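Here the structure comes first, spelled out in structure tokens, and everything after it is commentary.
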Amino acid sequence: IEARKLTVADIVGEKIYASPNTSLDEIISVLEKMNGVVIVDENMRPIGVVTSADLIYVDPAKIRSIKVSEVMGTNVPIVYEGEHLDENVIELVSSNQVVAVIDREGRLKGTLYPRHIIEWLITSGRLR
């Protein structure tokens, strides 16, 4: 596949998500590895995002009782799975800890992290 024809679907990662009622302690291990989790509604549509930075001001004694909906940001960076992998997509992913990849119906299909862009740049020979 030539680089100019690649789409987001070619490099998208697995779906890493939680529901708004998930407790923070349930996603901490994911946040340690991935830095961000997409929060979805019952129809798998992104409604928020929780990043490791969101935990900075959370009282550790209350981590089990706090739901992700209480700390999530509602400005979810989104790209469509069919979008071409161009400078705009690369910029969006590199400036956010996690980006939701959605289909035409707005349902979550996967997640993109800056490491996905780095891996693609390395394997494509663009970064050495």
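Tabulated data
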quantity: Any chance L112 is more than 19 Å from E26 (Cβ to Cβ) and within 11 Å of the chain's Cα centre (by Cα); calculated: yes
quantity: Some residue of segment 106-115 being farther than 12 Å from G13 by Cβ and not small (G, A, S); calculated: yes
quantity: Of all residues in segment 81-120 being assigned to a strand (DSSP E or B) and open to solvent by 70 Å² or more (accessible area, probe 1.4 Å), the one that is modelled with the lowest pLDDT; calculated: H84
quantity: Hits in segment 23-35 - residues which are buried (at least 17 other Cβ atoms within 10 Å of the Cβ) and β-branched (V, I, T); calculated: I27
quantity: Tally of residues being open to solvent by 80 Å² or more (accessible area, probe 1.4 Å) and either among the basic types (K, R) or within 15 Å of T111 (Cβ to Cβ) (or both) across segment 46-58; calculated: 0
quantity: Odd one out for V38 among (1) open to solvent by 50 Å² or more (accessible area, probe 1.4 Å); (2) within 17 Å of P114 (Cβ to Cβ); calculated: (1)
quantity: Any hit, segment 59-80, residues being touching a Ser or Thr at 6+ places or on another chain (Cβ under 8 Å), within 17 Å of H116 (Cβ to Cβ) and open to solvent by 70 Å² or more (accessible area, probe 1.4 Å); calculated: no
quantity: Residue list for segment 1-22, restricted to those being modelled with pLDDT of 95 or more, farther than 15 Å from E70 by Cβ and either in a helix (DSSP H, G or I) or open to solvent by less than 40 Å² (accessible area, probe 1.4 Å) (or both); calculated: none
quantity: Per-region count, segment 23-47, residues in contact with a Phe, Trp or Tyr (Cβ under 9 Å, 6 or more places away or on another chain) and not in a helix (DSSP H, G or I); calculated: 8
quantity: Subset of segment 53-69 that is touching a residue at least 12 places away in the same chain (Cβ under 8 Å) and either outside any helix (DSSP H, G or I) or over 18 Å from the mean Cα position of the chain (by Cα) (or both) - its residue that is farthest from D25 (Cα to Cα); calculated: V58
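The values are calculated or read from the model by the stated rules, or taken from the named source; none is laboratory data. The structure displayed is predicted, hence computed values, not measured ones. Every residue, glycine among them, receives a Cβ derived from its backbone with ideal geometry; neighbour counts consider all protein chains shown. Just so you know, the surface numbers come from the protein's heavy atoms only, side chains and all, with ligands and any DNA or RNA stripped out. Shrake-Rupley method; radii C 1.70, N 1.55, O 1.52, S 1.80 Å.
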